[in-house]
1. Give the shape of the range 23-76 as rounded, prolate or oblate, defined through the alpha-carbon gyration tensor: a ≥ b ≥ c are the square roots of its eigenvalues, a/c under 1.5 means rounded, and otherwise the shape is prolate if a/b is larger than b/c and oblate if not.
2. Points 7 angstrom from Cα along the Cβ direction at residue 57 and residue 8: gap in nanometres?
3. Roughly how many nanometres apart are two label points built 7 Å out from the Cα toward the Cβ at residue 49 and residue 113?
4. What is the projected area of the convex hull of the Cα atoms of the range 10-117, averaged over all directions, in nm²?
5. Run the dipole for the range 16-117 about the Cα centre, Lys and Arg Cβ at +1, Asp and Glu Cβ at -1, nothing else charged, and hand back the magnitude in debye, nearest 20.
Amino acid sequence: MTGICRKTGRAVSGWEHFKGLAEDVLTTQVVSRQRRRAYGSRLPELLGKLNSDGVLMQAQAYAAQAFADPVNKLVDQFALKRVVVSRTEVGLRLRLAGDWQGQSVSFEVDINANESK
């Protein structure tokens, strides 16, 4: 599958395309898309509530939900094994690990207050 990197505008495929898709899903607030209201995750709604460890646990659950939701089209491509969430100065950092096309892989996604959609 081929797509376009939303940061650089260049064509991407394979693992880079999947990471871009996963980042888009996790940083897009559910109901924010006009024709695809169920697309995205609930992670952006946590950005104003970064004051407790309970919020980090909620973020882990919301990330897992986003990967399991068939609307986001990630469930058939990636088997999520681990989500670790930490605070940053402007939001959250998710470290995700799992299996993609038979390989163990990991990547990070930042959910930033000044970049959320």
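1. Numbers: a/c = 3.08, a/b = 1.55, b/c = 1.98.
It comes out oblate by the Cα gyration axes.
2. 4.0
3. 1.5
4. Orientation-averaged projected area of the Cα hull: 6.9 nm².
5. Details: 14 positive and 12 negative charges, 62 e Å.
The dipole of the range 16-117 has a size of about 300 debye.
Bear in mind these aren't lab numbers, they're just calculated from the coordinates by the rules spelled out. This is a predicted model, so every value here is computed, not measured. Don't worry about glycine lacking a Cβ; one is built from the backbone with ideal geometry, like all the others, and counts go over all protein chains shown.
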